[in-house]
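The values are calculated or read from the model by the stated rules, or taken from the named source; none is laboratory data. All values reported here derive from a predicted model rather than from experimental measurement. Note: ideal-geometry Cβ built from the backbone for every residue, glycine included; neighbour counts use all protein chains shown.
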Amino acid sequence: MAKKILFIEDEQTLQKTLGDILRKEGYEVINALNGEIGLRLAKTEKPDLILLDLILPVVDGFEVLRHIKNNPKIKEIPIVVLTNLDKMEDVERALQAGATTYLIKTDYGLAEVIEKIKKIIGD
Amino acid sequence: MRKRSGSQLNVVAGCRKYGLSLWQCPQFLFLLMGVFTVAVSIASYLIGTSFISEPEVVALIDIAVTLILFIISYVITRNFERLAEISRLKTEFINIVSHQLRSPLTNLKWTVDFLELKEWDKESEKKEEYFSVVKENINRMMELIDDLLVVSRLEQETIPLIKKEVALDKMIEEMISQFKSFAEASNIKIEFHRQENLPKIFIDVSQMKLIIENLIDNAIRYTRGGGKVEIKLEKNGDNSIYFEIKDSGVGIPKEDQKYIFQKFFRAENAMKDQTRGTGLGLYMVKSIVEKSGGKIGFHSEEGKGTTFFFTLPIK
């Protein structure tokens, strides 16, 4: 069965590029354009991995992270933070809140992001 | 003696380097306070010895001196506050600009990555889609840079003003039609109420457009789930034009209202609604209105909507 990835990101372009590639790689990708929808889908869809932006409308990424890690039913889902916030304090805050990895978008190409995802959940 | 005047000159040069006047420059003020303290100590000693029989006079002089020292320290602290404020603005500037530039940059980078992977060879309909993404993101970056340049030129007053007679009502009509598709997509109706036979005003066209554009854009952007935007244009009794734009949007929280015209400021609820935005729009609008001899204001209630209004002199 295809592994399921929940992609919480408000930039539709990124939803498209990364989403399209991940689908081609054989993953099932669910898109959420804001934190509130993302959180709801995390509970109902129980994805194998969550890609999470931090600056999000309605509920921001840090809040999403906190809610997920406080919910025993979904707290084991690995979360890859994918953001353009590059301050050390943000990185530390996200990792302390339970993020598996922290990737700064502009530092990574598409291929490298996919590499990282594969390493965490496999093909 | 030479050395001392040398160091004083350095202080002056140092203050100039930061573009501060001497009365705003903490370094200079400290020096002044030091010199003043020494001079006053000597003076009070001399006065004290001659007025030894009248301690009231000495006490009075003492109080006066303390007061002066207090005033100088107060000015220094205030200037430090101002410097701290400038430093805060600089940090905000870097944060906002880096984020607002990085987002479209990532979009571009990943799109190019995608195209490079030749995935689109098989799906040629996607090619068009991806090229429009590239264009849109380049535009986003250009808009930000344009805004920054406008702000910087407004501040340095280097924008050449080309003032012309403008029929504001016609201009507003044009702008409304430009926003038509954006408004329709957001399920918002724009109404324009204007007084008949309004006189023309004498103003720079591109700056005027910038004001109207920003205010209409905000009104639509921050009205969630549809509603109405009402624009009013009329002549005031005091030979000025009155413009008003009223939305039924998210409103500005009370605690954020005092900062709304500040550079790089974005209200918390606005951030939640729209993660894009530079916090430069209203700052530009206010600067332009005021430079054109007008006044701007607003009233707003969170959850109910916001009304921005400004006046501009007719001649």
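Here are a few things to note about the model shown:
- Where residue B:290 falls short, out of the listed (1) of a type outside the set (A, V, I, L, M, F, W, C); (2) closer than 24 Å to residue B:139 by Cβ; (3) part of a helix (DSSP H, G or I): (2)
- Being closer than 30 Å to residue B:237 by Cα and either in contact with a helix residue (DSSP H, G or I) (Cβ under 6 Å, 6 or more places away or on another chain) or assigned by TED's automatic domain parsing to the domain that holds residue B:238 (or both) is a property that holds for residue B:204.
- The set of residues from segment A:75-90 being crowded, with 18+ Cβ neighbours inside 10 Å and of a type in the set (A, V, I, L, M, F, W, C) comprises A:77, A:79, A:80, A:81, A:82, A:85.
- Some residue of segment B:56-76 being under 44 Å from the mean Cα position of the chain (by Cα), within 30 Å of residue B:264 (Cβ to Cβ) and touching a residue at least 12 places away in the same chain (Cβ under 8 Å): yes
- Selection status of residue B:159, assigned to a loop (DSSP other than H, G, I, E, B) and either among the acidic types (Asp, Glu) or surrounded by 12 or more Cβ atoms within 10 Å (Cβ to Cβ) (or both): yes
- Residue check for residue B:115: over 35 Å from the mean Cα position of the chain (by Cα), within 14 Å of chain A (Cβ to nearest Cβ) and surrounded by 12 or more Cβ atoms within 10 Å (Cβ to Cβ): yes
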